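The values are calculated or read from the model by the stated rules, or taken from the named source; none is laboratory data. Bear in mind the structure is a predicted one, so any value in this text is a computation, not a measurement. Here the Cβ positions follow ideal geometry from the backbone for every residue, glycine too, while neighbour counts run over all protein chains shown.
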């Protein structure tokens, strides 16, 4: 409980006790839905907990208007003492009764002051008789931790330069880099199911209930800078260095600039060819959208069936309902403004995909691993794409027609397709009207992911584009995505187009979490859903390290009348909890059986989340009229059993765990700064050293030699690291690959008879064709996982050895500099090694950690594995697949492939080593910026001298500074 404020001297005895409750007001989205989530920066509870002094100042200023005084502030919760579900209660005294008018005045004053002095916009204020708890919006754990880092960074920026110590400057840089690193890192969550199970519908309802409303949209985009707003026409590298301007650009534009191959190109000139502003063509769509959403509340109150227009993602209609509405992977991320990035396949990729049809349509292509149904569906899909991407009609594409194509280069793409093949398109909203921007984005998404029925010129152009789309990235202002989540919406598993299957396969190789959607249970889910999941790299990783991954089985049964609930079905929905307990048991039993395990480990069991989800019911309740907290309180029995809140909380906790390492590192660093120096010089000794350093002649001579020696250490480390990659690692990889060649040849012999179709060599699929049982990548690189582990362990050990050697030499150099400075001026022999090591050890370690990296392009196992996999695919494609695929006769193609096995395996080394050398250059640049100032002065030397100045003048050390104490309180605040 907070200590009481000093009683105001009003001259009136305080004899009336008043209890006031404060909380976060739920806001409604533009669809009139109560938003169950709030950002940490907008929460009065977070303000009270993390910025308590500011909160008290605000409270004191507002309360003067109605004579409130003698405050006691505490937080209470029904379940646990946690900010995320607490109310703030203020016990105070007042000289006369607080009337409704006075409370209204207090509410207006407090809201006004809070808005002026913080980011909080909406507060719920009530005079109450007891400590009754009302519902509060969910606050993301990740969001809170990131907000704490941002507050720490702002606090360090606000310290005047003349009072800012070098150690605090280093802390400021560390926190800034961590924030940037976390914002550029996403925890990936894939949505897996057959077509028609409601993936898009489910996601649309989640986005509807968690979207930023119009007020938030305008506020969050007030500083948005569109490409046309950039002054002049700067180079790519110049705009990236202009931090503030660059960070105000839309996400898709920043991403495009960062990945552009030539940083000396003019920004506006390049963007002119790829950037478009989202514009709503039909203004009637706004009214139609609002009308559609207005029917949702009746589902709960009247039990009526509803028809909802898609909120954002395209959904199936009854017409052509068999067709997939998702043709590729759609990456969904948080952005303050609606944005869309579309990437199209390169011409060569399209040709190799279409040449698949040549293999499939011939009689000899009916091979083991492709049943007739799958083959027929694949042919149907490929014929449609062939007609759209070339100048040939579907009716002309038959076996005789396809026989004239001997290799994939013979397929001529249409001129229309050539114009956008390999290109990127960026679409960005204005940031001024959320509904218009959303509907304009929705229209583009629908064109890119849904069947186009009309044959007019505009729709024909979009048909071409749909057939050539490689990837879609969408940024939307939806709080479910806030805090580093990326949801991957994928094609349905029953779409047997090999391209769609390849999209799914690749996505599941890189995600952190999967939620499998079925109508009733994973146990009775479709066979191909289970097969794709079980054969994925995700499951292999989950089995090894389950606590770093999450597997979610979501049943969405609302199409069934037994799972439709209205306000009169309170007892019926409570029974759902019993069914859920039974369902979880069956789900885990089924998974054990599929994985051939007797039982799941504790970590495996903890990483599995199962639930029924009833998004229509949940949304319908959140759209009921009335004060939001009362709507939620009244219907809590229903909301607790829809599965939506528990799903949101589980997802958030998992993402928070994935990102916790970086937060912990910052806490550790600040806590180390807080340790008092146990040994060190006396004040007089420190003063003598500083006086010697003021001698210009001595300073220039000694500092010049010292900086030169320090640079020599850096150059030596750089050379040793470069040699590590170009020589030691090169030799290691060569030995590993050489040892696997014989095994690859043996596996080829064992599997050669099973290679009965030319399509297996299709270079687009890089030896991992999803519809054949024979996987050439497994034949040539059978022991790949062990190879990657061996390479990473070798790198890890060698980098640590070189870094350790460098650290030792830095300590020796700094100690020698101090010892020589002292002894050569007749001040006696003093060993400064203990003091030097104690002062620079932690900042040096922190700098060295940045060579390894954290989230953004780190030298970790995942990145090393990624580069090795990419090098494998490239080598296999160039050295074996393309040469074999271009030979019409299957036996000759197999013979050619067999000849090239050794070359394909050994060629992996070159691309892999080049990738690692490029990564080394990126990491070195980051590492060096932590060790030297722009003027070339060692930052560690500045820290050492800064501490000497504190000792000499007997001023506060970082450990004793008020600023650092406040930072430590903030970063260590236990909000959850």
All conditions in (1) over 16 Å from residue 770 (Cβ atoms); (2) in a loop (DSSP other than H, G, I, E, B); (3) within 27 Å of the chain's Cα centre (by Cα) are true of residue 554 except (2)
Here are some residues: 909, 861, 878, 866. Which one is surrounded by fewer than 20 Cβ atoms within 10 Å (Cβ to Cβ) and over 23 Å from residue 512 (Cβ atoms)? 878
So residue 627 fits all but one of (1) surrounded by fewer than 21 Cβ atoms within 10 Å (Cβ to Cβ); (2) free of Cβ contacts under 8 Å to residues at least 24 places away in the same chain; (3) touching a helix residue (DSSP H, G or I) at 6+ places or on another chain (Cβ under 9 Å); what number is the exception? (3)
Among the residues of segment 776-802 satisfying the criterion of being more than 31 Å from the chain's Cα centre (by Cα) and under 19 Å from residue 905 (Cβ atoms), which is modelled with the lowest pLDDT? 782
Out of 224, 182, 206, report the one residue that is surrounded by 16 or more Cβ atoms within 10 Å (Cβ to Cβ) and part of a loop (DSSP other than H, G, I, E, B). 224
Within segment 80-95, can one find any residue that is surrounded by fewer than 16 Cβ atoms within 10 Å (Cβ to Cβ) and touching a helix residue (DSSP H, G or I) at 6+ places or on another chain (Cβ under 9 Å)? no
Selection from segment 606-621 of residues surrounded by 13 or more Cβ atoms within 10 Å (Cβ to Cβ) and under 15 Å from residue 552 (Cβ atoms) yields 607, 608, 609, 610, 611, 612, 613, 615
Taking segment 230-247 and the residues there that are free of Cβ contacts under 8 Å to residues at least 12 places away in the same chain, surrounded by fewer than 16 Cβ atoms within 10 Å (Cβ to Cβ) and assigned to a helix (DSSP H, G or I), the one that is nearest to the chain's Cα centre (by Cα) would be 247
Go through the residues of segment 165-172 one by one and say whether even a single one is in contact with a helix residue (DSSP H, G or I) (Cβ under 7 Å, 6 or more places away or on another chain), at pLDDT 85 or above, more than 22 Å from residue 247 (Cα to Cα) and not in a loop (DSSP other than H, G, I, E, B). no
Looking only at segment 400-416, how many residues end up being touching a helix residue (DSSP H, G or I) at 6+ places or on another chain (Cβ under 8 Å), assigned to a helix (DSSP H, G or I) and under 15 Å from residue 355 (Cβ atoms)? 3
